[in-house]
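Here is the structure we will look at.
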Amino acid sequence: MLDTALPVLIGALALGYLLGSIPFGLVLTRSAGLGDIRAIGSGNIGATNVLRTGNKKLAAATLLLDGLKGTVAVLLAAWFGPVAALAAGIGAFIGHVFPVWLGFKGGKGVATFLGVLLAVHWPAFLVFAGLWLAVAFAFRYSSLAALVASAATPVVLLLMGRGWPTVIVFAGLVALLIAKHHQNIAKLLAGTESRIGEKSAAPPA
């Protein structure tokens, strides 16, 4: 599994990064005349912040597209083997979190993480989705739901018999995802985190 040529791995990583760095949340909200999504709420370009504009369709589209760019990257690279697929998944996640087009200030990576997981091992994707829905329904905190579901993912993959390379890769992605949620964690602890469905003032056009 680890004999994939280095140029192939670099190419898969680059492919994933380029796909992952497409800022769909920003593109969609600007196209809809809602201005710069980074000027409202958390300033994030992801679906949760897009939802704070009050436009559920745009939020759903952002979630879908941010997830699909991870899925597509993995599936394309999978033609060159499972290690290349993992490399593309890493690239897609990093591209979303640190997009070169936005000065390396991107989203928090939950949707793209989920899209990568779907392509790598769909049963673990279902477990993630179930955990997210359960926590979100119980507490109405998107960030808490994402943190709980993502933190469980490496353990779920291990229990489902996935190899250590896959488990280690996702553990690394989870560590970065948690780091990107440091402000959310602080707000959760302080009781000031925004709940799902709360609307912020629209940004200037």
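A compact table of results
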| item | result |
| --- | --- |
| Any hit, the stretch 122-130, residues being at pLDDT 95 or above, in contact with a Phe, Trp or Tyr (Cβ under 8 Å, 6 or more places away or on another chain), buried (at least 19 other Cβ atoms within 10 Å of the Cβ) and aliphatic (A, V, I, L, M) | no |
| Conditions (1) surrounded by fewer than 17 Cβ atoms within 10 Å (Cβ to Cβ); (2) within 13 Å of the chain's Cα centre (by Cα); (3) within 21 Å of Pro165 (Cα to Cα); number of the one not met by Leu64 | (3) |
| Some residue of the stretch 3-18 being closer than 27 Å to Glu193 by Cα and surrounded by fewer than 21 Cβ atoms within 10 Å (Cβ to Cβ) | no |
| Wholly within the stretch 86-205, helices (runs of 4 or more DSSP H) carrying at least 1 residues that are in contact (Cβ under 8 Å) with a residue 60 or more places away in the chain and over 21 Å from Phe24 (Cα atoms) | 122-139, 164-180, 182-190 |
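The values are calculated or read from the model by the stated rules, or taken from the named source; none is laboratory data. Treat the numbers as computed from the prediction; the structure is a model and nothing was measured. Here Cβ is always computed from backbone atoms with ideal geometry, including for glycine, and neighbour counts include all displayed protein chains.
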